[in-house]
């Protein structure tokens, strides 16, 4: 599929079937860094097919073959996780690196992480604008400090990036997290995956400590992606009658986006973990809950905002601070696109109020995706309530869920260029 836009329809508005999701991108990207640092002791199974994971895997291979006498260019394109994880990882590899990405990636801040790494002894310089990629990194750093402070309310990926290299530092690492920690489940995921590979840690109040230590031989099995599952929750929620089975998802998952189970129970979707997988069923149960906090699961926000708008539920969202520095300004993108069918998302300090009194059902509506995979997948389920939905730049889904359109077709969606 190479079209600039696609037309998405679902004639019956009823859905029933089984969808085998790819491995979690979040788990896969952490697993790849751990594998690279373990010197062959850690192996990975069920790796994600997401473009971000493929990009990171290729970058790690390139870095491992880098010559210490020549500069190695590593271009990660739009892969934000790869940018943040490699910013730390490359300091441990002998070589000289230029780490860069797309034009949008060069507008996404990296200064907090770079400052922390410089405190640890890293040799990093900005190639263009201070605080932003591209970065010039001279690997093989000699550790200075062993304790650093870092803000907790900007991006948990900065903290995860540092934690992933901590056990390989000669003095280990202690991180003092300043203020409230955003997206805590992602930090917990990092720590628990390290523990699975033999790396002990302590996390007391706002301080995390990892001593220098060796990995143990193990195999990481990557669970299917709960972020991808969220779009099937949206499809079931917006269906007239829906029942989808998602094999392999765990009832006790490391992924913070498992929060979708509880969230979507308020939008008419029940969840049950059965022998053949997670069953999502459309219900008639209504909920009076009107306040939802996405501080620990911001990647679910777009999906839930769109579902709530389509179901004409006036609710309030909070914990969306990090959405403005993602692939696009996701707040502005949401406001612009839901307005096309009459919904409004009004900002009120830390809260965002969804107003749906003017929501209508257009015969056809075109949604922009802003080079953002989650915009495409959040708006596609609206084909369950609108006669025809047009998605621009549909291939952005390759970033995290390359089989998305194929899976939709298999479940009765009509998709045409």
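Looking at segment 25-221, the DSSP beta bridges with both ends there are about 50 percent antiparallel.
The spacing between segment 129-205 and segment 262-289, judged by their C-alpha centroids, is 35 Å. When peptides 26-34, 168-176 are ranked by their average number of other Cβ atoms within 10 Å per residue, the highest-first order is 26-34, 168-176. Principal axis extents of the Cα atoms in segment 1-64, from largest to smallest and rounded to whole angstrom, are 52, 29, 13.
Angle, helix 111-120 long axis vs. longest principal axis of the chain, Cα atoms, 0 to 90°, nearest 10? Helix 111-120 sits at roughly 30 degrees to that axis.
Matching the structure-derived semi-axes √(5λ) of the Cα gyration tensor in Å against the labelled list [x] 37, 22, 21; [y] 37, 28, 18; [z] 31, 29, 23 gives the label [x]. With both labels modelled 7 Å from their Cα along Cα-to-Cβ, the residue 275 to residue 336 distance reads 5.0 nm. For segment 25-221, dividing the convex hull volume of the Cα atoms by the residue count gives 103 Å³ per residue. Take every DSSP beta bridge whose two residues both sit in segment 279-417, then give the antiparallel share in percent to the nearest 5. DSSP beta bridges in segment 279-417 are roughly 55 percent antiparallel. FRET efficiency for the residue 107 to residue 365 pair, using the beta carbon distance and R₀ = 30 Å, is estimated at 0.55.
For the chain, the longest principal axis of the C-alpha atoms and the axis of helix 226-238 are separated by about 10°. Listed peptides 388-400, 328-340 appear in the order 388-400, 328-340 once ranked by packing, highest mean of other Cβ atoms within 10 Å at the front.
Between 0 and 90 degrees, the angle of helix 80-89 with respect to the longest Cα principal axis of the chain falls at about 10 degrees. Stretched out straight at 0.36 nm per residue, the stretch from residue 92 to residue 69 would grow longer than its current Cα-Cα span by 6.7 nm. By DSSP, the beta bridges lying fully in the chain are antiparallel in about 60 percent of cases.
Values in this text are rule-based calculations from the coordinates and carry no lab data. Please read all numbers here as calculations on a predicted model, not as lab measurements. Cβ atoms come from the backbone with ideal geometry, glycine included; neighbour counts cover every protein chain shown.
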